[in-house]
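For reference, the structure discussed in these notes is given below.
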Amino acid sequence: AMCTGTPILSTSNVNPDGIISEFKLGFIYDSPLVLKNFLAGLDEPAYRKLSQNCLDYVGENHDHLVLGKKLLSNLEVQED
């Protein structure tokens, strides 16, 4: 879902390491009423920001080309 910019809506059970909260990838709720109130107050600019956060996070942390470049930059080249 994050690859398409869809923010995460979940309980804290699915966010044990805090990544969703820390990187503002969605909304963590404790009850259905809290979720309902959040969704009722969610406007388009706020949704777009969460969506962009998801796209940015995936691009920086899960893109195979970006990760490959990071790996190569960390490898030491040894000459025989």
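Just from its helices, what would the mean residue ellipticity at 222 nm be for the chain, if runs of 4 or more DSSP H residues each count -39500 (n - 2.57) and the sum is divided by every residue, rounded to the nearest 500 deg cm²/dmol?
Counting only the DSSP helices, I get -16000 deg cm²/dmol.
Note down the net charge around Asp56, summing +1 for each Lys or Arg and -1 for each Asp or Glu among other residues with Cβ under 14 Å from its Cβ. Spell out each step's value before the answer.
Numbers: positive: Lys24, Arg48, Lys49; negative: Glu22, Glu60, Asp63.
Result for the local shell: 0.
Mind listing the phi-derived Karplus ³J(HN,Hα) values for region 52-67, rounded to whole Hz, using 6.51, -1.76 and 1.60 with θ = phi - 60°, and x for any glycine or proline?
Values per residue, Gly and Pro as x: 5, 4, 4, 4, 5, 4, 5, x, 7, 10, 9, 6, 5, 6, 5, 5 Hz.
Using a probe of 1.4 angstrom, how much of the accessible area of the chain is carbon and sulfur, in percent?
The nonpolar share, carbon plus sulfur, comes to 57 percent.
List, in order, the whole-Hz ³J(HN,Hα) value for each residue of region 18-27 obtained from phi through the Karplus relation with A = 6.51, B = -1.76, C = 1.60 and θ = phi - 60°; use x for Gly and Pro.
Ordered by residue, 3J(HN,Hα) equals x, 4, 4, 6, 4, 9, 6, 9, x, 9 Hz.
Rounding to the nearest 10 and keeping the result within 0 to 90°, find how far the Cα-based axis of helix 32-41 lies from the longest principal axis of the chain.
80 degrees
With θ set to phi - 60° and the Karplus curve 6.51 cos²θ - 1.76 cosθ + 1.60, what are the ³J(HN,Hα) couplings of region 3-15 in order, to the nearest whole Hz, using x for Gly and Pro?
4, 9, x, 8, x, 8, 10, 7, 8, 5, 4, 9, 10
Per residue, how much accessible area does the chain have with a 1.4 Å probe, in Å²?
Accessible area per residue, the chain: 78 Å².
Order Cys3, Cys54, most accessible first, counting only protein heavy atoms with a 1.4 angstrom probe.
Greatest to least solvent exposure: Cys3, Cys54.
The values are calculated or read from the model by the stated rules, or taken from the named source; none is laboratory data. As the structure is a computational prediction, the values presented were derived from the model and not from experiment. Note that each Cβ is placed from the backbone with ideal geometry, even for glycine, and that neighbours are counted across all protein chains shown. The protein model used for the area step is the full one, side chains on, heavy atoms only, and it has no ligands, DNA or RNA in it. Shrake-Rupley method; radii C 1.70, N 1.55, O 1.52, S 1.80 Å.
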